[in-house]
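The values are calculated or read from the model by the stated rules, or taken from the named source; none is laboratory data. A quick note: this is a predicted structure, and the numbers were derived from the prediction, not measured. Note: ideal-geometry Cβ built from the backbone for every residue, glycine included; neighbour counts use all protein chains shown.
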Amino acid sequence: MTGKRALLLVNPNSRRGKESLPQVREHLSEAGIAFIELAAGSTEQPSDAVIRLAAEIDRVIVGGGDGSLNAAAQGLLDTGLPLGVLPLGTANDFARTIGLPLDVASAVDVIARGKTASVDLGEANGHPFFNVASIGFSADLAMSLTEEAKRRWGKLGYGLVAARLLASSRLFKATLEHDGKIDQLRTLQVAVGNGRFYGGGMTVQADATATDGMLDFYSLEVDHWWKLLRLLPSLRKGTHGDWDEVRAFSTKDLTIWTSKPRSVNLDGELKTKTPVTFAIREKAITVFIR
């Protein structure tokens with residue numbers, strides 16, 4: 001790398017962000033990584049900060065969960081700067097997808113060693129995402145799961161809120177176009193994955209990676225929510241496509257329409273609405289890896 005500094009962006013609202021910041025600074029200094037931070041209380045968006053400071057920095061280090069990474073994605077795309085990941089969030093699914101250690105000291109060591117790889121990003125109506133986009137149940141979960149609940153309960157928070165939502169969930173109708181075909185769906189949730197893991201323990205597809213140049217789609221077409229209990233082990237392993245109630249395939253792009261606009265969850269953040277067109281951006285950004 002050059003003699004420039006890193007831009008350190010730690011999300012204080014992530015589960016371990018605020019409490020880990022002194023430790024992060026210490027480990028970066030010990031590793032010989034010079035860094036700058038935004039002013040305390042700054043409301044500047046991460047991507048905007050990356051673009052503004054691009055000439056002064058040689059890498060971007062993001063501390064937080066997948067939503068924190070998502071907030072910096074456009075800036076990384078626009079500048080081509082490499083990304084260092086400090087997994088300080090609730091689920092840290094992208095970090096697990098690319099095999100990063102989950103403790104701060106080891107994550108800093110990965111960045112200091114300087115080995116990088118290019119990874120894909122998904123795109124939904126022009127908005128980039130690292131892991132998975134979803135419509136239906138997971139989007140409703142994202143709306144209901146507060147930052148306070150994430151910090152207090154961690155992965156358990158997902159389960160507590162999910163159990164309550166499932167009891168009132170209903171199927172919705174959607175139209176799907178992909179690979180020259182149009183399908184009509186009645187589904188509890190559709191998901192479009194770029195990476196392997198999402199939702200604090202679920203797997204998009206058993207052999208999915210963030211470097212395979214493909215989007216992995218699935219639709220949960222169960223007629224009763226309690227059938228998900230049977231599906232849960234397969235959802236965790238990524239083998240749910242073997243079930244009759246699950247439609248699954250891989251593709252480069254697809255479009256989904258719903259009868260009324262529905263929110264689209266990207267890496268835990270609600271960024272756009274249906275109708276939504278998905279695409280894959282191959283080898284879109286550079287990430288520090290083991």
Checking the structure you have, find out if any residue of the range 87-109 is touching a helix residue (DSSP H, G or I) at 6+ places or on another chain (Cβ under 8 Å) and either assigned to a strand (DSSP E or B) or assigned by TED's automatic domain parsing to the domain that holds residue 238 (or both). yes
Of the conditions (1) part of a strand (DSSP E or B); (2) within 30 Å of residue 72 (Cα to Cα), residue 247 fails just one. Which one is it? (2)
Listed by first then second residue, the pairs whose first member lies in the range 251-272 and is farther than 19 Å from residue 92 by Cα, whose partner is of a type in the set (Asp, Glu), with beta carbons under 6 Å and at least 6 positions apart or on separate chains, are 251/179; 255/177
